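Asker: First the structure, which I've put down as structure tokens, then a few questions once you've had a look.
The values are calculated or read from the model by the stated rules, or taken from the named source; none is laboratory data. Note that the coordinates shown come from a computational prediction; the quantities given were computed from them, not determined experimentally. Reconstructed Cβ throughout: ideal geometry from the backbone, glycine too, with neighbour counts over all protein chains shown.
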Amino acid sequence: MLKNLLDACGAAIAFYCVGYAFAFGGQEVVTETTFVGHNNFFLMGTGDNEVNSAFWFYEYAFAATATTIVAGTLAERCQMAAYFCYSIFLTGWVYPVVAHAIWSKNGFLSNANLDPGPSIGRGCIDFAGSGAVHLTGGMTAIVATRILGPRRGRFTDARGRPLSKARKFPGHSIALQLMGTMILWFGCEFF
């Protein structure tokens with residue numbers, strides 16, 4: 001739960017400062033295809049109205065979701081300070097580049113691209129963030145687990161030496177598992 005809180009805080013800071021600008025900055029001004037956006041850092045120039053604020057919050061939720069996908073895979077593998085830095089980096093740079101490519105009017109994969117290249121055609125259609133959000137989070141989880149290796153204490157001792165037999169981890173809170181399942185069921189009922 002602490003990692004998810006760090007994700008929400010880190011994502012809010014990074015996406016507000018630079019992430020939104022890299023993902024969507026300048027798409028109303030520039031018509032050619034760009035690698036990242038280049039306007040609206042710290043949301044300057046977006047206008048002070050409810051529509052822009054709602055759009056920023058909506059996109060921030062997607063950015064934060066991309067980081068929370070990785071939380072379970074990094075459990076007991078890295079320190080909280082390192083995790084917080086990862087959260088800021090993912091929502092400030094990695095996710096915005098992918099979101100820009102797919103969702104921005106200037107993205108090279110976007111079906112809303114105002115100046116599509118000859119090899120792109122109609123672009124991709126990303127339904128509910130399956131590509132931009134879940135693929136980014138999933139690929140980040142794969143890379144992170146490859147870099148960090150297995151959790152210490154299950155297959156290796158504290159010094160990293162292999163154990164002859166894997167230790168079993170005790171189960172976690174059954175009450176929290178049930179609560180999470182009920183929340184998912186409740187959320188699926190309204191979709």
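Asker: If residue 143 meets every condition in (1) surrounded by fewer than 14 Cβ atoms within 10 Å (Cβ to Cβ); (2) of a type outside the set (Ser, Thr, Tyr); (3) under 22 Å from the mean Cα position of the chain (by Cα); (4) assigned to a loop (DSSP other than H, G, I, E, B) apart from one, which number is that one?
Answerer: Of (1) surrounded by fewer than 14 Cβ atoms within 10 Å (Cβ to Cβ); (2) of a type outside the set (Ser, Thr, Tyr); (3) under 22 Å from the mean Cα position of the chain (by Cα); (4) assigned to a loop (DSSP other than H, G, I, E, B), only one is false for residue 143: (4).
Asker: Taking region 146-165 only, how many residues are loosely packed, with under 10 Cβ neighbours inside 10 Å and of a type in the set (A, V, I, L, M)?
Answerer: Going through region 146-165 one residue at a time, the tally reaches 2.
Asker: For region 119-141: of the residues being of a type in the set (Val, Ile, Thr) and under 23 Å from residue 61 (Cβ atoms), which is modelled with the lowest pLDDT?
Answerer: Once the filter is applied, the top-ranked residue is 125.
Asker: Right, next: Run residue 41 past the list (1) of a type in the set (Phe, Trp, Tyr); (2) closer than 15 Å to residue 133 by Cβ; (3) surrounded by fewer than 18 Cβ atoms within 10 Å (Cβ to Cβ) and report the number of the one that doesn't hold.
Answerer: Against the list (1) of a type in the set (Phe, Trp, Tyr); (2) closer than 15 Å to residue 133 by Cβ; (3) surrounded by fewer than 18 Cβ atoms within 10 Å (Cβ to Cβ), residue 41 comes up short only on (2).
Asker: Residue under question is residue 180, and the condition is that it be in contact (Cβ under 8 Å) with a residue 60 or more places away in the chain and surrounded by 11 or more Cβ atoms within 10 Å (Cβ to Cβ); does it hold?
Answerer: Details: in contact (Cβ under 8 Å) with a residue 60 or more places away in the chain: no; surrounded by 11 or more Cβ atoms within 10 Å (Cβ to Cβ): yes.
Criteria not met by residue 180.
Asker: Restrict the check to region 2-12 and report whether at least one residue is under 30 Å from residue 156 (Cβ atoms), surrounded by 16 or more Cβ atoms within 10 Å (Cβ to Cβ) and among the hydrophobic types (A, V, I, L, M, F, W, C).
Answerer: Yes: region 2-12 contains one or more residues that are under 30 Å from residue 156 (Cβ atoms), surrounded by 16 or more Cβ atoms within 10 Å (Cβ to Cβ) and among the hydrophobic types (A, V, I, L, M, F, W, C).
Asker: Go through region 1-112 and tell me which helices (runs of 4 or more DSSP H), entirely inside it, have 1 or more residues that are of a type in the set (Asp, Glu) and free of Cβ contacts under 8 Å to residues at least 60 places away in the same chain.
Answerer: Those helices (runs of 4 or more DSSP H) span 50-71.
Asker: Scan 21, 75 and give me the residue that is among the small types (Gly, Ala, Ser) and more than 22 Å from residue 125 (Cα to Cα).
Answerer: 75
Asker: So, one more: Which members of region 28-67 meet the condition of being over 18 Å from residue 92 (Cα atoms) and either acidic (Asp, Glu) or in contact with a Lys or Arg (Cβ under 7 Å, 6 or more places away or on another chain) (or both)?
Answerer: 28, 32, 48, 50
Asker: Report the residue count in region 76-106 for those that are polar (S, T, N, Q) and either surrounded by fewer than 20 Cβ atoms within 10 Å (Cβ to Cβ) or closer than 30 Å to residue 154 by Cα (or both).
Answerer: Taking region 76-106 as the starting set, the residues that turn out to be polar (S, T, N, Q) are 79, 87, 91, 104, 106.
Add one more test, that the residue is either surrounded by fewer than 20 Cβ atoms within 10 Å (Cβ to Cβ) or closer than 30 Å to residue 154 by Cα (or both), and what stays is 79, 87.
Final tally of qualifying residues: 2.
Asker: Could you check, for region 90-101, whether at least one of its residues is farther than 30 Å from residue 151 by Cα and in contact with a helix residue (DSSP H, G or I) (Cβ under 6 Å, 6 or more places away or on another chain)?
Answerer: Yes, because at least one residue in region 90-101 is farther than 30 Å from residue 151 by Cα and in contact with a helix residue (DSSP H, G or I) (Cβ under 6 Å, 6 or more places away or on another chain).
Asker: Select from region 151-191 the residues that are charged (D, E, K, R) and assigned to a helix (DSSP H, G or I) and list them in ascending order.
Answerer: Scanning region 151-191 gives a single hit, 189.
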